[in-house]
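Shown next, in structure tokens, is the structure this report addresses.
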Amino acid sequence: MLKQILSKLPRKSPKSDLLDGAGSDSGSNSSKLGNGFQCTIGGSSLSSKLNVVKRVSSAVFPASITAGAEVVEPHLSFKDVSNPQKQNLFISKLNLCCEVVDYNDSVKQDLKRDTLIELVDFVSSGSAKLTESAISAMCKMCAANLFRVFPPKYRSSSTGGETEDEEPVFDPAWSHLQIVYDLLLRFVSSTSLDAKMAKKYIDHSFILRLLDLFDSDDPRERDCLKTILHRIYGKCMVHRPFIRKAVSNIIYRFVFETERHNGIAELLEIFGSVISGFAMPLKEEHKIFLWRALIPLHKPKSVGIYHQQLTYCVIQFIDKDQKLASNVIKGLLKYWPVTNSQKELMFLGELEEILEMTSMVEFQKIMVPLFRRIAFCLSSSHYQVAERAHLMWNNESILNLITQNRQVILPLVIPALERNTQNHWNQAVLNLTLNVKKVFCEMDEELVLACQCKLEGEGVRLKDAAEKRRLAWELLETTAGLPPATTTAATTTAGAGNFLVPVKPTATCSVAC
């Protein structure tokens with residue numbers, strides 16, 4: 001009875017394979033693979049090539065993923081295999097491209113380049129089924145080719161990163177890297193990519209190493225990385241908080257430690273679109289990113305490289321929540337440049353964009369320190385800074401805010417305008433000053449006259465105080481038995497707040513020349 005039951009069970013097939021059969025027949029040039037498709041092999045044994053691919057595959061891919069997958073000769077074309085075998089050929093080609101090729105070997109380099117182009121075309125056609133084994137193979141191929149340590153930077157600039165005057169450095173391996181980036185971009189953009197499955201392989205380690213590449217000297221590479229990271233951020237929602245935290249850490253290190261990084265502009269460009277997608281009300285995490293990362297980015301000397309992207313991010317935050325405007329302006333005033341005129345011009349432009357979106361309540365919180373700073377800019381000896389500050393009065397939104405708060409603002413600004421009228425060297429600035437004074441007179445002539453009278457009174461009071469100091473020093477000099485200093489010297493000394501005692505040369509003192 002037991003023998004009858006055992007005889008009905010299916011017997012295990014012998015371990016004979018079409019591929020092994022083809023390998024044993026080394027004298028023939030044609031072999032059949034899988035479902036009867038034929039390929040022509042010249043000069044070398046097919047079995048030996050397949051054994052090499054199997055060994056590499058077992059080393060690169062986990063056995064649990066590759067188990068049951070049929071290995072196909074990677075040098076075949078996708079056109080020469082049947083549809084069921086294209087997926088295995090896709091993985092085999094990815095496996096082949098994991099090898100880092102010496103660029104002095106032109107034969108291997110051209111072979112790898114042709115293989116990568118085939119992979120790009122295959123993924124672009126939509127024929128690729130991104131199974132777990134394919135996702136694993138893709139991520140490991142990209143890691144082997146892209147993730148690398150950059151050589152030390154020997155730039156002359158002490159601020160680090162590219163400056164506006166420096167020529168960009170181009171990677172000599174870009175012709176190869178470009179195809180790998182193109183393949184990765186098409187992979188993460190594919191509609192057949194399952195985000196739940198992809199997150200196992202596009203993990204935190206993969207993302208961190210991808211972010212490290214943003215420090216590349218080649219702007220073309222940073223541009224590709226920008227698009228790829230944005231797609232990953234949109235596809236893998238579970239990784240979004242981690243990406244935001246990792247980018248924040250890069251910014252912290254750049255601002256407070258090194259001031260050296262090439263990819264800040266690209267990272268901010270990504271976050272410009274990310275911030276625009278934040279839901280309202282804003283989370284506390286997002287506000288902390290604004291206060292601790294974006295606002296301190298105004299501090300480095302190289303802010304001009306990424307200021308346009310930084311301004312866009314800040315504006316997006318204020319557009320989401322106008323209550324943030326006063327804190328942003330306080331941050332600008334905190335990092336306001338004193339000796340860097342070009343940086344001051346950028347701050348004035350950003351400030352104008354922020355004020356256009358500022359509500360009256362938020363404006364009144366910061367208008368006093370704000371217009372004290374603007375008054376310094378109006379009377380700046382750098383004519384471009386002075387011109388840019390005067391042109392803010394051409395903005396209707398800002399002029400409306402000033403008009404409704406003129407009792408506070410005009411007394412802060414008019415002294416600077418009067419100093420310009422008397423002392424400024426640039427004719428264009430003088431003309432702009434007269435135009436602003438005309439606007440103020442049309443706004444509230446009585447207030448302007450009152451401010452001018454007060455200013456004149458303060459001038460008289462200062463002169464009286466200076467004269468009293470001069471007389472006091474003369475009295476002290478007379479009491480001490482010293483000859484009084486000349487009127488000019490005394491006046492200058494009193495104005496400077498210093499006491500200079502003339503030294504009498506003695507007869508015994510001689511100097512040998």
Single condition Trp425 does not satisfy, out of (1) within 25 Å of Thr339 (Cα to Cα); (2) open to solvent by less than 20 Å² (accessible area, probe 1.4 Å); (3) not charged (D, E, K, R); (4) not in a helix (DSSP H, G or I): (2)
Scan the range 274-287 and tell me whether some residue there is within 30 Å of Lys129 (Cβ to Cβ) and in contact with an Asp or Glu (Cβ under 9 Å, 6 or more places away or on another chain). no
Scanning the range 381-398 for residues that are open to solvent by 60 Å² or more (accessible area, probe 1.4 Å) and within 14 Å of Leu434 (Cα to Cα) gives Leu391, Asn394
Residues (of a type in the set (Ser, Thr, Tyr) and open to solvent by less than 20 Å² (accessible area, probe 1.4 Å)) located in the range 110-124: Thr115
Any hit, the range 275-285, residues being small (Gly, Ala, Ser), surrounded by fewer than 17 Cβ atoms within 10 Å (Cβ to Cβ) and in a helix (DSSP H, G or I): yes
Filter pass, Ser127 being closer than 19 Å to Met197 by Cα, of a type in the set (Gly, Ala, Ser) and open to solvent by 10 Å² or more (accessible area, probe 1.4 Å): yes
So, Asn249, is that one within 22 Å of Leu225 (Cα to Cα) and open to solvent by 30 Å² or more (accessible area, probe 1.4 Å) or not? yes
Applying the selection to the range 364-377, what residues are under 29 Å from the mean Cα position of the chain (by Cα) and touching a residue at least 40 places away in the same chain (Cβ under 8 Å)? Ile366, Leu370, Arg373
Here the residues within the range 210-221 that are open to solvent by 20 Å² or more (accessible area, probe 1.4 Å) and touching a helix residue (DSSP H, G or I) at 6+ places or on another chain (Cβ under 7 Å) are Arg220
Run Val368 past the list (1) in contact with a helix residue (DSSP H, G or I) (Cβ under 6 Å, 6 or more places away or on another chain); (2) of a type in the set (A, V, I, L, M); (3) at pLDDT 95 or above; (4) open to solvent by 10 Å² or more (accessible area, probe 1.4 Å) and report the number of the one that doesn't hold. (1)
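Here's the yes/no breakdown for (1) free of Cβ contacts under 8 Å to residues at least 60 places away in the same chain; (2) small (Gly, Ala, Ser); (3) open to solvent by less than 40 Å² (accessible area, probe 1.4 Å); (4) assigned to a helix (DSSP H, G or I):
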{"residue": "Glu266", "(1), (2), (3), (4)": "yes, no, yes, yes"}
{"residue": "Gly272", "(1), (2), (3), (4)": "yes, yes, yes, yes"}
{"residue": "Lys287", "(1), (2), (3), (4)": "yes, no, no, yes"}
{"residue": "Arg292", "(1), (2), (3), (4)": "yes, no, no, yes"}
{"residue": "Leu310", "(1), (2), (3), (4)": "yes, no, yes, yes"}
{"residue": "Cys313", "(1), (2), (3), (4)": "yes, no, yes, yes"}
{"residue": "Ile318", "(1), (2), (3), (4)": "yes, no, yes, yes"}
For Asn262, the lone unmet condition from (1) surrounded by 15 or more Cβ atoms within 10 Å (Cβ to Cβ); (2) without any contact (Cβ under 8 Å) to a residue 40 or more places away in the chain is (2)
Name the residue that is least open to solvent (accessible area, probe 1.4 Å), counting only residues in the range 446-480 that are under 29 Å from Ile409 (Cβ atoms) and either β-branched (Val, Ile, Thr) or touching a Ser or Thr at 6+ places or on another chain (Cβ under 9 Å) (or both). Val448
Those residues of the range 193-205 that are surrounded by fewer than 17 Cβ atoms within 10 Å (Cβ to Cβ) and in a helix (DSSP H, G or I) come to a total of 5
Just checking, does the range 96-109 include any residue being open to solvent by less than 20 Å² (accessible area, probe 1.4 Å) and farther than 21 Å from Ala173 by Cβ? no
Which residue out of Leu410, Leu399, Leu417 is of a type in the set (A, V, I, L, M) and touching a Lys or Arg at 6+ places or on another chain (Cβ under 6 Å)? Leu417
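The values are calculated or read from the model by the stated rules, or taken from the named source; none is laboratory data. Treat the numbers as computed from the prediction; the structure is a model and nothing was measured. Don't worry about glycine lacking a Cβ; one is built from the backbone with ideal geometry, like all the others, and counts go over all protein chains shown. With ligands, DNA and RNA removed, areas are computed over all heavy atoms of the protein, side chains included. Shrake-Rupley method; radii C 1.70, N 1.55, O 1.52, S 1.80 Å.
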